[in-house]
Amino acid sequence: MKVIGLTGGIGMGKSTAAKALRRAGLPVFDADREVHRLQAPGGAAVPAIAALVPASVKDGRIDRAVLRAAVIADPSLFKALEQIMHPMVRAAQRRFLARARSQARAGGARFAVLDIPLLFERGGWRGCDVVVVVSAPAATQIRRISNRRGMSESEARSLIARQMPDAEKRRRADVVIRTGLSRWHSLRQIRRMLARLRRESGATQGAT
C-alpha cells in the first residue's frame, strides 16, 4: 500500500481534494477532524486540556473562546497544547494506517491518504510515498478565507503569514494540484494523478 500525503495552506482547496479522493474509494485520515473528535465532549483530550486551562472546560465541554484567550495571554500554553494533541493524533494516524494496510491486503484500496495541514512542518512527509500539495493564487486564497471566515483582507494575510509559504510547499511537493481556475479543473487534475499513480503502482507490482 502506498501512502499519499495531502497538504496545503488554508483556503487552498484541500478539503475539496480530500473529498474527491474519498469519493474515488481511497481511505482518508483527516487530521483536523481527529483534533475536533479528541476535543469534543467525552474526547480523550478534554481532561488534559481541563488540567492545563481549567477555566476552558465547563461540564465536559471545551469553551474555545476561553481557551483561545488563554493562549493569547500566555503563548507558552500553545506548546503545551501541542504536546497534548500531537501524540494523540499520531496514535490515531497509526491506527488508521494499520487498518488501511489490512484492507489493502484483503483486496481494498492500494492507496491511503493522510490529510494533514502541517505535513511538512511536523515531518509527516517522511512517512509518505507521494506528497500532494493543493495550491491557488494568493488573491484566490485571500478571497476564500475572507468569505468563509468573515475576515478582512489584512486579517487573512496575517493568518497566511503564520504558515509555511505556498511556494516552499510547492517546491517540496511531488504533485501540485492547482485549484485557482474551477472545481472541474481541480477534479480533473486529481483524476489524472490517481490514474497515473495506479498505473505506476500496477507496473511496480508487475515487476516484482
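The values are calculated or read from the model by the stated rules, or taken from the named source; none is laboratory data. All of these numbers come straight from a predicted model, not from anything done at the bench. Note: ideal-geometry Cβ built from the backbone for every residue, glycine included; neighbour counts use all protein chains shown.
The set of residues from the range 165-189 being at pLDDT below 90, under 11 Å from Met12 (Cβ atoms) and small (Gly, Ala, Ser) comprises just one member, Gly180. What's the total number of residues in the range 16-52 that are more than 30 Å from Gln189 (Cα to Cα) and out of contact with any Leu (no Cβ under 6 Å at 6 or more places or on another chain)? Adding up the residues that qualify gives 14. The one condition from (1) surrounded by 15 or more Cβ atoms within 10 Å (Cβ to Cβ); (2) without any contact (Cβ under 8 Å) to a residue 24 or more places away in the chain that Gly42 does not meet is (1).
Which residues, counting only those in the range 135-178, are hydroxyl-bearing (Ser, Thr, Tyr), in contact with a helix residue (DSSP H, G or I) (Cβ under 9 Å, 6 or more places away or on another chain) and farther than 20 Å from Phe120 by Cα?
The first filter runs over the range 135-178 and keeps only residues hydroxyl-bearing (Ser, Thr, Tyr), leaving 135, 140, 146, 152, 154, 158.
Checking which are in contact with a helix residue (DSSP H, G or I) (Cβ under 9 Å, 6 or more places away or on another chain) leaves us with 135, 146, 152.
The answer is Ser146, Ser152.
Hey, can you tell me all the residues within the range 125-153 that are buried (at least 21 other Cβ atoms within 10 Å of the Cβ) and not hydrophobic (A, V, I, L, M, F, W, C)? Scanning the range 125-153 gives Ser135, Gln141.
Considering every residue within the range 195-208, establish whether at least one is closer than 28 Å to Met85 by Cβ and surrounded by 15 or more Cβ atoms within 10 Å (Cβ to Cβ).
Here is the first cut: in the range 195-208, the residues closer than 28 Å to Met85 by Cβ are none.
For the range 195-208, residues closer than 28 Å to Met85 by Cβ and surrounded by 15 or more Cβ atoms within 10 Å (Cβ to Cβ): absent.
The condition of being among the basic types (Lys, Arg), in contact with a His (Cβ under 8 Å, 6 or more places away or on another chain), closer than 28 Å to Arg90 by Cα and at pLDDT below 90 holds for only one of Arg162, Arg198, Arg122, that being Arg122.
Ala51 meets the conditions (1) under 24 Å from Arg172 (Cα atoms); (2) free of Cβ contacts under 8 Å to residues at least 12 places away in the same chain; (3) of a type outside the set (Lys, Arg) in every case but one. The failed one is (1). Each residue in the range 55-75 was checked for being at pLDDT below 90 and in a helix (DSSP H, G or I), and 7 pass. Residues in the range 62-87 that are more than 27 Å from Gly124 (Cβ to Cβ) and in contact with a helix residue (DSSP H, G or I) (Cβ under 8 Å, 6 or more places away or on another chain) were compared, and the one that is surrounded by the most Cβ atoms within 10 Å (Cβ to Cβ) is Ala70.
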